[in-house]
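Notes for the one structure printed next.
Just so it is clear, none of the values below were taken in a lab; they were calculated from the coordinates. Note that the structure is predicted; figures quoted are calculated from it, not measured. Heads up, the Cβs are rebuilt from the backbone with ideal geometry, glycines too, and the neighbour counts pull from every protein chain shown.
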Amino acid sequence: MLGGAEPARARPGAIGPVPATGDEGFRRLFARPLVVLAPMEDVTDAVFRALCRRLGADLCFTEFVNVEGLLRGCRRARRKMTLGPEDQPTAIQIYGADAGRLCEAAEAAAQAGAAFVDINCGCSVAKIARRGAGSGWLRDPRALAAMAALVVRAVSVPVTVKTRVGMGTEPEMPIVDLARRLEDAGVRALSLHCRTVQAGLSGRADWSWAARAQAAVRMPVIVNGDIRSAEDARRALAETGCAGVMVGRRAIEHPWIFREARALLERGEIVPAPSVAERLALCREHLAANHAARGEPWGVRVTRRHLAGYLRGLPGAARLRQRLFACDALDGCLAILAEASLRLGSPGP
Ligand SMILES: Cc1cc2nc3c(=O)[nH]c(=O)nc-3n(C[C@H](O)[C@H](O)[C@H](O)COP(=O)(O)O)c2cc1C
């Protein structure tokens, strides 16, 4: 790992001092290679963060929060950045096109208890990027770094950035130079989705960009894209020298990846795949927690995107999934899962 525990480097011309508050916690957090839950809209809510943390995630990110919605007092934006006392360390991620509004929103995020404030500069959704937010910032890396410097100055918690390697249209990818600029601006860590904006989520992530970015800076770089197993996590860290790995889509269907990666990284151990009982228990736990948080039917419906993955590989999984997906009531889902427990000879709740 390259200097993950070090404070941001002082360079000639560096903009402003790095804020002190939260430094100690930040340094301690990055003292070992991190396995991080990626920010994902409609996925990484408080319930899913708690579940991933229990399964070994070192650090979680909220869904991205629209600064305009937040500053207008929109309830959805407020809900996204509400952190319970156990919800730490969690970074609150914000996105917007205007540096001043990002500063205001960053203050609100800091007050909400964010371990640090993360600025989304990588979202490739057209209606967001076209307005200059998310990956729209990558069109002008200098402006991106200047914006980050303002946000750093506005808050007393560490500020981090999540971005991609470039738009994909440039003759040369800007990420290495941008990483240096961000470090100079006082940004404390960089999460790098190793694809271009043009690529969206298609093609393979090229981790070599994370290696190049990490070699150019002392702040921690977290490598993201296509980390789908503990072995991928180990290989990504070994190949890039990064301070951590960030897991997105694989966590939705297999949150056990966090404990599997931790075991491999810390002890060289390959832990067994989750048992039938564990898979069914996670279905029950996730359904019940979402039901408590959102009521019926939404609590049940939002859990569905996870259930197919949790049940994958079980005998009769397709039929079980069909029955669960047709049911909007928690009690009904729990009864279907109890039947499956009996059929599969696994102990129930
Ligand atoms: C459903 C979904 C929602 C996402 N929402 C966000 C988001 O709110 N903020 C963000 O920075 N990236 C978001 N991403 C991108 C992921 O954080 C991550 O960079 C991307 O999925 C690549 O990692 P993976 O290959 O591990 O999935 C989202 C991705 C998915 C699939």
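To the nearest ten degrees, helix 99-111 and the longest principal axis of the Cα atoms of the chain are 50 degrees apart.
Take the Cα of R130, go 7 Å toward its beta carbon, and the backbone nitrogen atoms of segment 51-81 under 20 Å from that spot belong to 66-69.
When Lys and Arg each count +1 and Asp and Glu each count -1, what net charge do the other residues less than 14 Å away from E278, Cβ to Cβ, add up to?
Numbers: positive: R54, R259, R279, R284, R312; negative: E260, E285.
Here the charged neighbours net out to +3.
Plugging the Kirkwood radius over Cα pairs into Stokes-Einstein for the chain, at a temperature of 4 °C and a viscosity of 1.567 mPa s, what D comes out in µm²/s? D, rounded to a whole number, is 63 µm²/s.
3J(HN,Hα) couplings calculated from phi for segment 126-133 with the Karplus curve 6.51 cos²θ - 1.76 cosθ + 1.60 (θ = phi - 60°) are, in sequence order, 4, 5, 8, 5, 4, 7, x, 8 Hz; Gly and Pro show x.
Per residue, the convex hull spanned by the Cα atoms of segment 83-201 measures out at 97 cubic angstrom. The long axis of helix 330-343 is offset from the longest Cα principal axis of the chain by roughly 60 degrees. Helix 230-240 sits at what angle to the longest principal axis of the chain, using alpha carbons and giving 0 to 90 degrees rounded to 10? Approximately 10 degrees, to the nearest ten. The alpha carbon centroids of segment 137-208 and segment 267-303 are separated by 34 Å. Database remark: amide H of E63 closer than 5 angstrom to the amide H of M40, T44 (H placed geometrically; neighbours at sequence offset of 5 or more, or on other chains; Pro and chain starts carry no H). Our estimate of slack between R27 and E296, defined as 0.36 nm per intervening residue step minus the Cα-Cα distance, is 92.7 nm.
Among the GluC sites (Glu not before Pro) in segment 146-245, those placed in a DSSP loop whose Cβ has at most 16 other Cβ atoms within 10 Å are E172. Per-residue extension of 0.36 nm, minus the Cα-Cα distance of S156 and E339, leaves a gain of 60.7 nm for this segment.
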